[in-house]
1. Could you give the nm distance between label points at Phe75 and Ala42, where each point is 7 Å from its Cα heading toward the beta carbon?
2. Which one of Pro100, Pro90, Pro61 has the biggest mean-square fluctuation once the chain is modelled by GNM with Cα springs under 10 Å?
3. Given the -39500 (n - 2.57) contribution per DSSP H run of 4+ residues, what per-residue ellipticity at 222 nm results for the chain, rounded to the nearest 500 deg cm²/dmol?
4. State in Å² the accessible area per residue of the chain; use a 1.4 Å probe, count heavy atoms of protein chains only, and round to the nearest integer.
5. With both partners inside the chain, how many of the DSSP beta bridges are antiparallel, as a percent to the nearest 5?
6. Provide the packing ranking of 76-87, 115-126, i.e. peptides ordered by the mean count of other C-beta atoms within 10 Å per residue, highest first.
7. How many lysine pairs in the chain, separated by 8 or more positions in sequence or lying on different chains, have Cα atoms less than 22 Å apart?
8. Taking only Cα atoms and a 10 Å spring cutoff, compute GNM fluctuations for the chain and point out the largest among Phe37, Phe20, Phe88.
Amino acid sequence: KAFSEPEVVSLVRFVRKHNFKSATAYHSSGSILYWHFNQTGAAYTRDKQIARQYSNLTGYPLVADNKPGQGGGGFKDWFVSEFKMTGFTPEIAPYVGERPVPNSYWPSVWQKNHAAGLMLANDAIKR
């Protein structure tokens, strides 16, 4: 169940002690950018604008908007819901199924993602 694992409890406590303006939960396989979790109004507009910048930087297409009550449950979704801030889950490599991403993909992954943290930090510092 939610918040049942010690590492999750530690992460939640850590995040709640800080004033984060954005969160990114890197996942390995799918080459897509998850960005939306039930945002509306100004938060939706803000987050979609940042997601487009992130997409332009990495080349990952944006996942379609989810519908209220659909999906969710990961760190990014919890962060967006709890703090009303931006959250992203980039799937950083092409889909490889239920196995680790091959080492040969990592130069491409790095090339796409090495500037993402700075771009997101620059956005967050403005808010």
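1. Going from the Phe75 label point to the Ala42 one covers 2.9 nm.
2. Pro100
3. On the way: 5 runs with 57 residues, N = 127.
Calculated from helices alone, the mean residue ellipticity at 222 nm is -13500 deg cm²/dmol.
4. On a per-residue basis, 62 Å².
5. Of the beta bridges lying entirely in the chain, close to 35 percent run antiparallel.
6. Highest-to-lowest ranking by the protection proxy: 76-87, 115-126.
7. Close lysine pairs under the 22 Å cut-off: 19.
8. Of Phe37, Phe20, Phe88, the most mobile in the Gaussian network model is Phe20.
The values are calculated or read from the model by the stated rules, or taken from the named source; none is laboratory data. This structure is a prediction, so every number in the text was calculated from the model and none was measured. Note that each Cβ is placed from the backbone with ideal geometry, even for glycine, and that neighbours are counted across all protein chains shown. Surface accessibility is based on the protein's heavy atoms, side chains included, excluding ligands, DNA and RNA. Shrake-Rupley method; radii C 1.70, N 1.55, O 1.52, S 1.80 Å.
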